[in-house]
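The values are calculated or read from the model by the stated rules, or taken from the named source; none is laboratory data. Computed from a predicted structure; not experimentally measured. Cβ placement follows ideal geometry from the backbone for every residue including glycine, while neighbour counts extend to all protein chains displayed.
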Amino acid sequence: MSHSLYRKPTTSTDDLLQVPDLDALLFLLDDTIVKPPRVESVIIDGDVVTEVVVAFIGLFFDLLSNTSAGYDLFRKSKFNEAMKALLNSWYTYLTDPNGDSNSSLTNEELGWFSPQVLEALESDDRGNFNDTYVCPDPDAVNRGYDTFDAFFAREVQADARPVDFDDDKSLIHSACESYVYRIVRQVKDHDRFWLKGQSYSLYDMLNRDETYANKFVNGTVYQAFLSPLDYHRWNAPVDGVILKTVLVPGSYYAVLPDDGADEDDPDQDPGSRYGAIVRSQSWLTMAATRALIFIHADNSDIGLMCFIAVGMWEVSSCEFTVSAGDRVKAGDALGTFHIGGSTHALIFGPGTDVTFADNIDPDTQSHVKVKSVIAQVKKAT
């Protein structure tokens, strides 16, 4: 199974991607926001496999987003205001305990607790579902989740994801359960985004806050993305004090148009125009709806750092559980995503000498557990 889970479907769902006109699109959107995200079977290399489709509305826009017209449309504030209203309506449905949004949490074929999907939920060393996550009723088929959002934003059991080596304050811990995407050093305050390069631009990432952006110039950015199968809560990577939290409105479906998937793309055929949002993850750190959390680490060799939670496609809610002035320890809750797959970044200043662990490999997009060690900082000389 593809871990990014944004492959173009090749079964009946593919028909839904062929939207002939605006009326058809509105009909499809109306139909989608009164149903929970579902699971599909797709054909990959002639084999039928199970694919988790969570960013379902985004499928309607996938090809359009990878055009110059889509790039212009999906960055317009009026369009994103309208989409936010629609997504908030879907979020209301997915969080209503009196509704039926948990109807897809079954063990029937392609239900979220069917054998094939449960296998995916436990893949990449995530562990047995009931032993890993907080289940209101472990013996029930739906594990006691009364809404789809309760399942999607489920908490992890503390003993299933301990803070590794919590007594060593030189360590950086994974803020999210995720796949390693990029590590870039010597990041600039202002930079231009090219189709292939996608350089980070601190000023834009940090909501055009020059004061904070200047503190990270020539620093390091670590980025990793969450699949819909992952635990979607954010946890503190270090001990420290929350200095500031900022919720930044942004785009939901805008991407950098490109020439299609590369030869080594894990999810798409070479040249495929689908999946541009996955290939645009670095750019999304400055364009998409996102949450910023600035932390002053207790360890002076780390100092100021920033956590960025970036919504991708349907993620219309980035929820903080901390405020400015709060003290956190590594592993403490910071907030959570809702609805869809997401990406996140950690930013360190130029004085933070970060060495990443051997298993933190962007080339293989290794999967790392939340609270596990991803890096260590050297003591300043």
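Test of understanding: among Val49, Val19, which residue is among the β-branched types (Val, Ile, Thr), within 26 Å of Ala120 (Cα to Cα) and either at pLDDT 80 or above or not in a helix (DSSP H, G or I) (or both)?
So the residue among Val49, Val19 that is among the β-branched types (Val, Ile, Thr), within 26 Å of Ala120 (Cα to Cα) and either at pLDDT 80 or above or not in a helix (DSSP H, G or I) (or both) is Val49.
Starting from segment 164-175, take each residue that is within 21 Å of His367 (Cβ to Cβ) and list its partners that are of a type in the set (Phe, Trp, Tyr) and surrounded by 15 or more Cβ atoms within 10 Å (Cβ to Cβ), counting only C-beta distances under 9 angstrom and pairs at least six apart or across chains.
Listed by first residue and then by second, the contacts come to Ile172/Tyr222; Ile172/Phe348; Ile172/Phe356; Ala175/Trp234; Ala175/Phe307.
Within segment 270-284, is there a residue that is over 19 Å from Leu63 (Cβ atoms) and either surrounded by 21 or more Cβ atoms within 10 Å (Cβ to Cβ) or in contact with a Pro (Cβ under 9 Å, 6 or more places away or on another chain) (or both)?
Checked against the condition, which is being over 19 Å from Leu63 (Cβ atoms) and either surrounded by 21 or more Cβ atoms within 10 Å (Cβ to Cβ) or in contact with a Pro (Cβ under 9 Å, 6 or more places away or on another chain) (or both), segment 270-284 yields at least one hit.
Checking His338 against (1) under 23 Å from Val217 (Cβ atoms); (2) buried (at least 19 other Cβ atoms within 10 Å of the Cβ): exactly one of these is not met. Which one?
Among (1) under 23 Å from Val217 (Cβ atoms); (2) buried (at least 19 other Cβ atoms within 10 Å of the Cβ), His338 violates only (1).
Looking at Asp267, Asp262, Asp230, can you tell me which residue is modelled with pLDDT of 75 or more and either surrounded by fewer than 23 Cβ atoms within 10 Å (Cβ to Cβ) or under 15 Å from the mean Cα position of the chain (by Cα) (or both)?
Unique residue meeting the criteria: Asp230.
Identify all residues within segment 302-318 that are part of a strand (DSSP E or B) and touching a residue at least 40 places away in the same chain (Cβ under 8 Å); write none if there are none.
Matches in segment 302-318: Leu304, Met305, Cys306, Phe307, Ile308, Ala309, Gly311, Cys318.
Where the second residue is not in a loop (DSSP other than H, G, I, E, B) and the first is of a type in the set (Val, Ile, Thr) and lies in segment 140-155, which pairs have Cβ atoms under 6 Å and are six or more apart or on separate chains?
Taking only residues 6 or more apart or on different chains, the pairs are Thr147/Ser101; Thr147/Asn102.
If you go through segment 93-140 one residue at a time, how many are loosely packed, with under 14 Cβ neighbours inside 10 Å, more than 20 Å from His338 (Cα to Cα) and acidic (Asp, Glu)?
The number of residues fulfilling the criteria is 7.
With the requirement that a residue be outside any helix (DSSP H, G or I) and touching a Gly at 6+ places or on another chain (Cβ under 8 Å), what does segment 90-134 give you?
Across segment 90-134, the qualifying residue is only Leu105.
Name the residue, out of Asp258, Asp239, that is within 27 Å of Thr211 (Cβ to Cβ) and of a type in the set (D, E, K, R).
Checking each option against the conditions leaves just Asp239.
Please work out which residue is modelled with the lowest pLDDT, limiting yourself to segment 152-183 and to residues that are hydrophobic (A, V, I, L, M, F, W, C) and over 16 Å from the mean Cα position of the chain (by Cα).
The selected residue is Ala158.
Restricting attention to segment 165-179, which residues are closer than 9 Å to Val238 by Cβ and among the hydrophobic types (A, V, I, L, M, F, W, C)?
Once the filter is applied, which keeps residues that are closer than 9 Å to Val238 by Cβ and among the hydrophobic types (A, V, I, L, M, F, W, C), segment 165-179 yields Leu171, Ile172.
If the requirement is being closer than 24 Å to Asp230 by Cα, at pLDDT below 85 and among the small types (Gly, Ala, Ser), which of these qualifies: Ala24, Ala55?
Of the residues listed, the single one that is closer than 24 Å to Asp230 by Cα, at pLDDT below 85 and among the small types (Gly, Ala, Ser) is Ala55.
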